[in-house]
4 protein chains.
Amino acid sequence: MTTFREKWRHIIFGVDSPAGRLFDQLLIACILLSVLCVMLDSVAAVHRQYGLYLYWLEWLFTLLFTVEYLMRLYVSERPAHYARSFFGVVDILSILPTYLSLVMPGANYLLSIRLLRALRVFRVFKLMAYMGEARILMNALFNARRKILVFLYSVGVMTVVYGTLMYLAEGPANGFTSIPQSIYWAIVTITTVGYGDISPQTPLGQALASMAMLTGYAIIAIPTGIVTAELTSVGRMPSPQAGRQCPQCRKDEHEKYANYCDRCGAVLEK
Amino acid sequence: MTTFREKWRHIIFGVDSPAGRLFDQLLIACILLSVLCVMLDSVAAVHRQYGLYLYWLEWLFTLLFTVEYLMRLYVSERPAHYARSFFGVVDILSILPTYLSLVMPGANYLLSIRLLRALRVFRVFKLMAYMGEARILMNALFNARRKILVFLYSVGVMTVVYGTLMYLAEGPANGFTSIPQSIYWAIVTITTVGYGDISPQTPLGQALASMAMLTGYAIIAIPTGIVTAELTSVGRMPSPQAGRQCPQCRKDEHEKYANYCDRCGAVLEK
Amino acid sequence: MTTFREKWRHIIFGVDSPAGRLFDQLLIACILLSVLCVMLDSVAAVHRQYGLYLYWLEWLFTLLFTVEYLMRLYVSERPAHYARSFFGVVDILSILPTYLSLVMPGANYLLSIRLLRALRVFRVFKLMAYMGEARILMNALFNARRKILVFLYSVGVMTVVYGTLMYLAEGPANGFTSIPQSIYWAIVTITTVGYGDISPQTPLGQALASMAMLTGYAIIAIPTGIVTAELTSVGRMPSPQAGRQCPQCRKDEHEKYANYCDRCGAVLEK
Amino acid sequence: MTTFREKWRHIIFGVDSPAGRLFDQLLIACILLSVLCVMLDSVAAVHRQYGLYLYWLEWLFTLLFTVEYLMRLYVSERPAHYARSFFGVVDILSILPTYLSLVMPGANYLLSIRLLRALRVFRVFKLMAYMGEARILMNALFNARRKILVFLYSVGVMTVVYGTLMYLAEGPANGFTSIPQSIYWAIVTITTVGYGDISPQTPLGQALASMAMLTGYAIIAIPTGIVTAELTSVGRMPSPQAGRQCPQCRKDEHEKYANYCDRCGAVLEK
């Protein structure tokens, strides 16, 4: 029995065997297909004609993912630990809505089912785990987290200030019905999205809006500069194979042309 | 009495004691809540139902901030210096509007109160002082100030030129009613905001607009390049404690915890 | 006869003789003119007045390009190899539509001709081969391909999640008629295009949309950072002739025209 | 008389004396004011009330600039050379329109005057000469000119391809009335401006538009990367004061820790 568990643990959690890779590929295909079903079911014309098929497909995928989730708990060495991990929680959230639609019947059950069902789209998040290259980007963003927070805070203050000024300059008559609404406009403008559902009509408002646009256009340089500086400095870090190890204290990060170890003073080999 | 002043000076201006940190956290919460009140009060539906509560909350916050301002002046070593500092001026500006609404009654007092009240949103600026990481970004922007000015000036010239050309090409019939209006359109376009409230209708106008868009799309690279180059060079600058010079060979770039010079092997001073 | 083939091979495939350069310049002019004809013909007013002239010009260019294609096959050393290469396929695709319009007559032949004809615009792709500087940009993009894929995948997940949330928050009544439609909206918003054909109406939807905009505004920094880091590191890479190693101390980064090693003073080989 | 010319040459062309600086400042003020007059005159309400004043102001500025232009020719050492230089041409272009309005009277003279008058806005270009910091940015752009051309060409090809595909997918019924019009839409979309005056209605068109948006969103990284890499490499250039000069051959650009001159092998001082 232990052999069975260990074998499946390798297939489900590992990617170093043909069976493990096949399992992962099938799982990704199922996740993408099930998300596609939820999407298609939301199109009125498709729902009318194929709603029933999509309903049963939905249940098929839910059962498959339930079996997979139970298997993961069973083969895992510490099931409780897995269940509390990020992907354990995503797993349970991605099968729960379909079951919940059973215990909450009623007059408007059709719509509520679909609303809950739509939450299953978070299943997509699971795909994230299958890519390793994301780590470098994540590290760069993590190192720059303080600068990014300062930047986001500044943008937040700016949107509040511009939003309030525009509320005073344009007023409810021109679509700026309240300060929160004006802040929404300021975000639309500063991020250079510019829907045009609300736009300034008075000369003063247009002048203020012009300033907001130029501000947004100029400050987009700041997050870009932050991320680029991080990624560039990551690229400057010595690669493992280039590091000569000190023969005495084993420190292995030295400048390229160092003659002596800067920790213990031993002579480094060329 | 001096002890009392000093104790409160530490609480109000310092952040190195539990009491000082608690004071700052409470202050930030109050500022955010009071700004939230001003915002909510501007929503017509909320004002109708909770206007009175928000009115009294407004006064409560104003009195709290007044007490805080007087305390700051009292415990400060040089009150006049604080009152003229940036945050001293912001402090007084953020409590004044509510008091002004008392001495300026009249038929339309309700609206004017709210207009003045909305100025209190500048209180948000105070939050800025609580973040230290902003300095690096500020320095990068300060070092690049001349290049940014040249860039903004070029963008300004471009918007004037494109605005005038579009005014000639499209004319008042297509929404380009005046040159200032056309310049507003050019800013909306070059910053890639693109509301669509004014958009070219003639082939010539669309050709000119296409050029303006491509210009704006291409030149956004310039502020980004400026800020990135600054931030990258800041990251390369040796930090103060790391710049120890080797007493023997004068090499002055060593790793932070180096004991020996990696060029000549001499012992480095701590 | 071999002399004739070799002479024309130099003219058609080479760019190192005056005749070869003239041939390339004429070819580029013809390609641009023929694309211009297709474009102009799609304008209703132009088609009504000059449709016949454009029709014959179209045939003239098609015959010219056919002769050129046959010549390329004839003078090429390995005709089958050329026919299967990228530009061989583009060549045949750019003359086929006009011929196809002959064998597919019918009631609606006029429109179908023009649809097929419009495909000839891909002929523009051929111009790409005449520029060599593109290689550095291509290399930078190729080196960064994994990071770019991770980024595009993250953006994809984000648009699906934001699209679904907006479908739940706004619903069909406000234009978000289905999840695919909502995903289209999310792409329009996150890329900061912002048509405004669909825009959120409810406060909850506007709050979600604000988050989506700020997300899109912030993450544009990531592809920029990736590409910049690649281009900067390309610029730092030693060019082949510059990477001479010092025979004495093994330092291998010297300026291009250095005669002596700047570390140990040994003579460098040319 | 020569003294008079030389004195004024210093005032008009020089900036190293108080008089020269004052002249430049007055000139800039006049240019900005005259442009402001042209702008204000294009606003219908302002023209109705102050049109006459602006008309005479316009003539005043034109006469001033004429005197200034003649003075420049007079004091210049090579008048013909100045007249053919960039700013010489801009000078004459910025006074000509007002004079032209005299010799071309007629029924519709009022409008034509204002159209010609609006061209005077190019006078703004003259301001450009007064800023020196622009050179670094210009150099970075000049060094990157080939990469930028390749990039612009790629964007051009993309807009033609996306425009044609959208014309086929959406057709004249949905606003894509011709290929040039569709290319205009493609430029609006790829540059992320997004007016929304033309927007896709069919699912296929929306899918294509989504691809176009993601393309535009991703490739904005490329010009940014190019410019940043140029500006960064400019920043890496050794600053003049940091360079130690070789005592033997006078080469003054050495690496920071070089012991020997890499050109002549002489020992460098620390």
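Label point of C:SER154 (7 Å along Cα→beta-carbon): distances to the other copies' equivalent points are 2.1, 2.1, 3.0 nm, sorted ascending. Between A:GLU77 and D:ALA266, the simple spin-label model (points 7 angstrom out along Cα→Cβ) gives 6.8 nm. Within 9 Å, Cβ to Cβ, of B:GLN201, how many net charges do the neighbouring residues add up to if Lys/Arg are +1 and Asp/Glu are -1? Taking every Cβ under 9 Å from that of B:GLN201, the sum is -2. The mean count of C-beta atoms from other chains within 10 Å of the C-beta of residues in C:40-47, rounded to a whole number, is 4. Averaged over the residues of B:142-149, the number of partner chain Cβ atoms lying within 10 Å of the residue Cβ comes to 3.
Approximating the spin labels as points 7 Å out from Cα along Cα→Cβ, the A:GLN49-to-B:VAL67 distance works out to 7.0 nm.
Remark: the D:ARG135-D:ILE92 segment gains 13.0 nm on full extension, using 0.36 nm per residue and subtracting the alpha carbon distance. Annotation for A:PHE142, label-to-label distances across the other copies: 3.2, 3.2, 4.5 nm (shortest first, one decimal, point 7 Å from Cα along Cα→Cβ). Rounded to whole numbers, the Karplus 3J(HN,Hα) couplings from phi for the range B:180-187 are x, 4, 5, 5, 4, 4, 5, 5 Hz, using 6.51 cos²θ - 1.76 cosθ + 1.60 with θ = phi - 60°, and x at Gly and Pro. Phi angles of the range D:31-46 translate, via the Karplus equation with coefficients 6.51, -1.76, 1.60 and θ = phi - 60°, into HN-Hα couplings of 4, 4, 5, 5, 5, 4, 4, 4, 4, 4, 4, 7, 7, 3, 4, 5 Hz per residue; Gly and Pro are given as x.
For D:LEU102, the point set 7 Å out from Cα toward Cβ sits 6.7, 6.7, 9.5 nm from its twins in the other copies, listed from shortest up.
Residue by residue along B:175-186, Cβ atoms of other protein chains within 10 Å of the local Cβ number 5 on average. Descending by average beta-carbon neighbour count within 10 Å, the peptides A:46-53, A:194-201 line up as A:194-201, A:46-53, the highest first.
A simple rule links phi to the HN-Hα coupling: the Karplus curve 6.51 cos²θ - 1.76 cosθ + 1.60 with θ = phi - 60°, which for the range B:47-60 gives 4, 4, 8, 10, x, 5, 4, 5, 4, 6, 4, 3, 5, 4 Hz, with x for Gly and Pro.
Coordinate-derived values only; no laboratory data. Note that the structure is predicted; figures quoted are calculated from it, not measured. Using ideal geometry, Cβ is built from the backbone for each residue, glycine included, and neighbour counts are taken over all protein chains shown.
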